[in-house]
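Beneath this line is the structure, given in structure tokens, with notes to follow.
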Amino acid sequence: MRARPAGPRQALRAGARIQVPRAASVSTVPAGSAGTKLIVLRGNSASGKSTAAAGIRSRHGRGIAIVGQDHLRRIVLRERDVPGGVSIGLIDTVARYALDHGYHVIVEGILHAAHYGDMLTALRADHRGESWFYYLDVSFEETMRRHATKPQASEYGRTEMRSWYREQDVLPGGYEQIIGEDASLDAIVQQVMDGTGLAREQLPLNQQAQPA
């Protein structure tokens with residue numbers, strides 16, 4: 001009986017070094033429609049990306065897909081953030097799938113320009129509808145202050161946060177709108193809602209934030 005090839009966990013136990021294949025992270029296929037909206041929220045850890053994305057969807061109502069880098073990379077794949085990682089292509093694929101099915105999409109995460117820039121640039125170019133990119137620019141000391149208030153603050157500290165931090169890691173091209181650390185969560189949500197036109201689609205209060 002032929003032996004099965006070792007999986008990643010078996011290879012690790014055997015002390016082997018795993019070669020992760022380079023992800024097919026950049027597509028060139030048109031995505032979405034003229035009516036779909038693509039919103040990208042980038043910034044360092046604890047800059048408010050995930051909270052802002054949730055606030056936008058809560059205020060707007062159904063019809064928005066949130067594609068979170070942390071969830072897909074850390075939870076679904078349990079992958080380190082590396083150049084050419086599988087998570088790059090997965091984020092791209094999920095965003096495109098949701099756009100193709102009529103959802104507005106918010107892609108949110110640290111999304112370092114060096115790792116995710118090509119994918120995000122291609123996604124923007126391929127999207128048939130309008131796209132908006134926002135960079136939440138927060139200083140390192142402010143990220144540390146905010147991190148201390150999070151439930152997972154004890155899981156990692158200043159050393160890890162410093163290694164992840166990239167100062168003004170904006171994408172080339174000048175199309176990202178920069179939001180400073182003085183902006184409140186409500187102000188960020190409102191700026192995105194107004195700037196993208198989502199405010200005009202906003203559901204009545206009695207239809208917002210309803211459970212599934």
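Summary of values
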| read-out | value |
| --- | --- |
| Region 148-160 residues that are closer than 12 Å to S45 by Cα, paired with ones that are at pLDDT below 75 (beta carbon under 6 Å, 6 or more apart) | A153/H147 |
| Positions within region 77-90 being surrounded by fewer than 19 Cβ atoms within 10 Å (Cβ to Cβ) and within 19 Å of L120 (Cβ to Cβ), in sequence order | L77, E79, D81, V82, P83, G84, G89 |
| Residue, farthest from the chain's Cα centre (by Cα), within region 93-140, restricted to residues that are among the aromatic types (F, W, Y), closer than 15 Å to K37 by Cα and crowded, with 16+ Cβ neighbours inside 10 Å | Y103 |
| Single unsatisfied condition, R96 versus (1) closer than 23 Å to D194 by Cα; (2) touching a strand residue (DSSP E or B) at 6+ places or on another chain (Cβ under 9 Å) | (1) |
| Lone qualifier among L111, L99, L72, L90 - being assigned to a loop (DSSP other than H, G, I, E, B) and at pLDDT 95 or above | L111 |
| Residue in region 27-68 that is modelled with the lowest pLDDT, counting only those that are within 25 Å of W164 (Cα to Cα), touching a Ser or Thr at 6+ places or on another chain (Cβ under 7 Å) and aliphatic (A, V, I, L, M) | A46 |
| Residues that are under 18 Å from the mean Cα position of the chain (by Cα) and either farther than 27 Å from G85 by Cα or buried (at least 21 other Cβ atoms within 10 Å of the Cβ) (or both), drawn from region 46-63 | A46, S47, G48, K49, A52, A53, G55, I56, R57, S58, G63 |
| Matching residues in region 167-195 - criterion: being surrounded by 15 or more Cβ atoms within 10 Å (Cβ to Cβ) and of a type outside the set (D, E) | V170, L171, I179, A183, I188, V189, Q190, Q191, V192, M193 |
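The values are calculated or read from the model by the stated rules, or taken from the named source; none is laboratory data. All values reported here derive from a predicted model rather than from experimental measurement. A quick note on method: Cβ atoms are made from the backbone with ideal geometry, for glycine too, and the neighbour counts reach across all protein chains shown.
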